[in-house]
Structures are given as C-alpha cells and as structure tokens.
Amino acid sequence: MLQSGKMTVMKTVSSPEQQKFFLERGYIEFEKLISLEEAQAALAAISTTKERMPHHPLQQLIRATPYLLQLIRKKELAKFAYELTLQSPLRIAFDKYAEGPFQPPFIEQHECGLLLYLHHAKKGGSGIYYQGSLSQEVLLSDDKTPYLLFVFSNKQLHTIFNPIVFKK
C-alpha cells in the first residue's frame, strides 16, 4: 500500500484487504488501471464521437464510442467493481465524460462508480472506485483534468438502454 497525499493508493488487483479498505472508506484508488496509451486512445475516441455527433451529450458515450466498451472488457474494469462490492451481475447504468473540476454523483449501495483519470502528469490511467459521496479531498483539483465516470449497477436496468452485463 502506498500513501499518496491523504489517500491510500493500491497497485494490485482486488484482494480481501482492498475489499475491506473499500467497504470501510467507500473508495479505493488503483494506479495504472489503464495505460497512458489506452487513456490517450479513449480521449481520441471521445473526440471523434464529439466531432461525428456534435450534439451528443457527454454521457452514455459507451453506446456511441465502441472503444470505451472494448477498454472496459479488455481491462476487466467491471470485475474490480463486483469484487469490491461483492455484487454480480453488473450493468453500466451510465457513463459521463467531464473535464475537472468535477463533483461525481452520489453512488448508491447497489452501485459502484469508477472515475478514470484520462490525462494527468501523475495520475493518468489511474482510477477511483467508490460508493456514496466522493470528497473533494480525494479528487484532483486540476481544472483541466479529463475524467471518465462509469457507474456499474446490479439493479434491474432497462435491457434495451443498458444491455451490457458483466458477470463474475
């Protein structure tokens, strides 16, 4: 376990210690969930979607940007969510792209949020899984940092709008 400012940063895959940390504190950060190259590719894919569909809101991009779904599957990002929350199956309830500062939404107990830093000198490719509220102390204060938020849920979501299921 590494100390990074006020936050404990984990480098390995989910373990019982990490699950305990997550359940006690409501968040956990993993370094290098995705590589810097993958983060840059995600930014490029989002930029292409914005150019192709200029009126598309910067949420629910997973449907319009296939690379994002490929990245989630390749890196098993949903697997971390169900290992930490002990909930399966999960669906992507929604996703959102933003450039900081960003206040992530409150995440219910049946959900798990993943906030990915897409570009930052020290945190690019890192991600914070969380439930409940995520305090500003945990977030980067840089006003230009691009984030991608995924919210995984085990609620019965509409299968047409949320067709992608991740199982243990």
Non-local residues with an amide H under 5 Å from the amide H of F94, with H modelled 1.01 Å from N and Pro and chain starts lacking one, are V151
The long-range amide H neighbours of I107, using H built 1.01 Å from N in the peptide plane and a cut-off of under 5 Å, are G132, S133
Of the listed pairs K20/K96; K75/K155; K32/K74; K75/K123; K20/K123, those with alpha carbons more than 20 Å apart are K20/K96; K75/K155; K20/K123
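A short reminder: the numbers here are calculations on the coordinates, not readings from a lab. In this text, all values refer to a predicted model and were calculated from it rather than measured experimentally.
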